Every structure is written in structure tokens, then in C-alpha cells.
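First the structure, in the form of C-alpha cells, and then the observations on it.
Computed from the coordinates by the stated procedures, all read-outs in this text should not be read as laboratory data. In this text the structure is predicted, and so the values were computed from the model without any measurement. Glycine also receives a Cβ, built like all others from the backbone with ideal geometry; neighbour counts cover every protein chain displayed.
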Amino acid sequence: MQRDYRLLVFDWDGTVMDSAARIVACIEGTIADLGLEPRTRDEIRHIIGLSMGEAIETLYPGRDATFHQRMIEGYRHYFLVADPTPSAPFPGAGETLAALHAAGYLLGVATGKSRRGLDQVLASTGFGDYFHATRCADEAPSKPHPGMLEQLLDELDTEPATTLMVGDTLFDMEMAHNVGADAVAVTYGAHPRERLEAAAPLACLDDIRDLLPWLGHEERR
């Protein structure tokens, strides 16, 4: 039975794009450059999905604004210019977005990326035309605050009851719950299945291509 959603909102990193390894590498490089006490890869993966400010506060609590700015500048340098770690859309992501767009859904993005970073990957993947509206961490409060979803709902004149959030982190699930929207988790991203299940999503999908049959459209081939 087809589910009656009007707006589907996607997280980006770990949901649409396989970029977790690159994010971790960029943060590790920044930490090394600044001579900071190291953090484990699991600790770094835990903060994927947060805004940079929230991520830095989680990794290095209690630091001042100058420290935050140095971390942000270092990370942006690695991510936008210096880091060679490959990242690409997950298999089937483009086809899934195209099919959902063709089916008449409104599509949005709510991401912890900066506007500059998101615009870069929307252009490089060619996915930009699929989305009707997008929000980034430098335009609204960090997840799990509902601000990004609230702004998307307002711009697209849509209600929480007809909105579905699709993401790979606990922060995505909590953001959806905080605005009164439904949420579906994908298990191939930053946070493990057991952590996602604790947030009680409607489903945990092992492949983005499973979203189409879950919504009641064509079966996955």
C-alpha cells in the first residue's frame, strides 16, 4: 500500500553520498595539523550529521571561538581542496531520486554540510535538479533541532504529517520526531543499526533502493 507522503527529505552524507570515510579523513588531518589530542574514528563518525560547531564542541568541548574557527577552516581546506579520499553517491541513489522526482514527490535535503559544500556536491553529482529545496547547517540550527525541517516545510507549504525524513544518524531521526514528521533510517551510513533502532524509525533500510518498494512503488530489481 502506497504511503501518503508529499515531501521526502534526505540527509546527504551517509544517506545519499558515501562520504563518511572522507569526512573522517578530513577531520583527522585537521586534528593532526593543529597538534590536537587524537580522536578515534568511531568518535569522529559519531559526529557526522551535526553542524561543524556542534561537532567540534562534541570532540573538543569548552574551546573558544578562535579554536572553532581554526578547526572549521582546516576542515574546509581538506574537504574542498586537499583531501584525495574518494566519495561517490551510494549505488542506486541517483536512480532512486530520479524515480521519486518523476513520481511527483517534493524532495528536499537537510544536511550538516555547509551551503558551499552542498552546492559543490549537488553540481558534481548532477542531483541538484531533483530537489525542490535544501537547507544546510549554516542556515539553521544544527540537528537534532527541527529548524532545518521547519524551514523546508514552510518554503514548500507542507505539513509534518505528510513529510518523511530519510537519514543515517540518530540526529536525523530525532530531528524528524522533534518536528512531528515520520522517519526512515538507512543502515549503511555513519550510525549502526542498533543505535538507529533506539530512535524508533518506521523502518531500517539496508539499501537506498529499498525506499521505492517501501513507499509502495515498483519493487526493487
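Taking amide hydrogens as placed 1.01 Å from N in the peptide plane, the amide H of Val9 sits under 5 Å from those of Gly108, Leu164, Met165, Val166, each at least 5 positions away in sequence or on another chain. Each residue of the stretch 84-92 was assigned a 3J(HN,Hα) from its phi angle through the Karplus curve 6.51 cos²θ - 1.76 cosθ + 1.60 (θ = phi - 60°); the sequence is x, 4, x, 9, 8, x, 4, x, x Hz, with glycine and proline shown as x. Taking only alpha carbon atoms, the stretch 20-82 gives an Rg to Rh ratio of 0.91, where Rh is the Kirkwood radius.
Each Cα pair under 8 Å and six or more residues apart adds its sequence gap; the mean of these over the residue count of the stretch 20-82 is a relative contact order of 43 percent.
Using only DSSP helix segments of four residues or longer, with each worth -39500 (n - 2.57), what per-residue ellipticity at 222 nm results for the chain after dividing by its residue count and rounding to 500? List each step's numbers first, then the result.
Working: 10 runs with 90 residues, N = 221.
The per-residue figure over the chain is -11500 deg cm²/dmol.
Of Cys26, Ser114, Tyr188, whose Cα points farthest to the positive end of the dipole of the chain (charges on the beta-carbon: +1 Lys, Arg; -1 Asp, Glu; origin at the Cα centre)? Farthest along the dipole direction, towards plus: Cys26. With a simple spin-label model that places each label point 7 Å from the Cα along the Cα-to-Cβ direction, the separation between Ala161 and Ala198 comes to 3.2 nm. Largest first, the extents of the alpha carbon coordinates of the chain on the three principal axes equal 55, 32, 31 Å. Please name whichever of Ile47, Leu59, Phe79 sits farthest to the positive end of the charge dipole of the stretch 20-82, dipole taken about the Cα centre and charges placed at Cβ: Lys and Arg +1, Asp and Glu -1. So the residue we want is Phe79.
May I ask for the Rg/Rh ratio of the stretch 149-221, computed from Cα atoms with Rh as the Kirkwood radius, given to two decimals? Display every interim value, and only then the final one.
Details: Rg = 12.5 Å, Rh = 12.7 Å.
Checking Rg against Rh, the ratio lands at 0.99.
Computed from point charges on the beta carbon alone (+1 for Lys and Arg, -1 for Asp and Glu), the dipole magnitude for the stretch 20-82 about its Cα centre is near 180 Debye. Histogrammed with a bin width of 10 Å, the alpha carbon distances of the stretch 1-45 distribute as 22, 36, 20, 13, 8, 1 percent, first bin at zero. As a rough guide to protection, the peptides 170-183, 25-38 ranked by mean Cβ packing within 10 Å, highest first, stand as 170-183, 25-38.
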